[in-house]
1. Hey, got the dipole for segment 1-85? About the Cα centre, +1 on K and R Cβ, -1 on D and E Cβ, debye to the nearest 20?
2. With a point put 7 Å past each Cα toward its Cβ, work out how far Val135 is from Met105 in nm, to one decimal.
3. Translational diffusion coefficient of segment 126-182 at 25 °C, 0.890 mPa s, Stokes-Einstein with Kirkwood Rh over Cα pairs, in µm²/s as a whole number.
4. Between rounded, prolate and oblate, where does the chain land on the alpha carbon gyration tensor, with a ≥ b ≥ c its root eigenvalues, rounded for a/c under 1.5, else prolate if a/b exceeds b/c?
5. Stretched out fully, how many nm does the piece from Gln73 to Phe178 gain, at 0.36 nm a residue minus the Cα gap?
6. Can you find, among Ser147, Leu113, Leu5, the residue farthest towards the positive end of the dipole of the chain? Put +1 on the C-beta of Lys and Arg, -1 on that of Asp and Glu.
7. Find how much the distance from Asp39 to Met161 grows on full extension, using 0.36 nm per residue of separation minus their present alpha carbon separation; answer in nm with one decimal.
8. Using only the alpha-carbon atoms, how far is helix 139-157 inclined from the longest principal axis of the chain? Give it as 0 to 90 degrees, nearest 10.
Amino acid sequence: MSNQLLESDLDRVEAEHSLDLGRRPVVDEWEERYYPQFDESVRVESAQMSIHYRLFYCLEKTIRSLVSDSIEQEEGANWWNSKRVPDAIQKEVASRIQREVDAGMSLRSDEPLDYTTFGELGEIIKANWDVFGAVFSSQRAVQRVLSNLNMLRGPIAHCAMLAEDEVLRLELSLRDWFRLME
């Protein structure tokens, strides 16, 4: 009886504070429903590649936040529509957003910056070196690292295995990125 009371109290605490105390086994409905239909070799590859995807997800979100927060401090909340973003990038992003609108799908974001590539992020940083010169040690190095990351992003985003050398290149590029901000 006391265990049931304790479980009930824990349920209430979890609900009130939006917590998951890990008391119940997690059953992944997707894994049970869909994964058995795929070859084991594909499931193994997806597990190996998931770590690279997670790294890229975190890195892209972090770089975009850095760009947005840094320029916003200088230009204000409406910085995207200022001269801080090269016209060619603004036009390309507008085109990408329109393609999603025309497809009738939910937009991936309300923020235009979320539609930029690594290369375009590098161009925005370069165009705003007055803001980023205090953050990074070298403009040329930023361009090189973002170019490498952009090349590595392709296989990850398009479901191809990274070769062993490219996994090493990814690790080195991540180290280079963080070193640029020291």
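Laboratory data are not the source of any read-out in this text; all were calculated from the coordinates shown. Fair warning: this is a prediction, and the values are worked out from it, not measured in the lab. Please note: Cβ atoms are built from the backbone with ideal geometry, for glycine as well, and neighbour counts cover all protein chains shown.
1. In debye, rounded to 20, segment 1-85 gives about 380.
2. According to this spin-label approximation, the distance is 2.8 nm.
3. Here the translational diffusion coefficient equals 201 µm²/s.
4. prolate
5. Stretched out fully, the Gln73 to Phe178 stretch lengthens by 35.6 nm.
6. Ser147
7. The span from Asp39 to Met161 would gain 42.4 nm if fully extended.
8. 40
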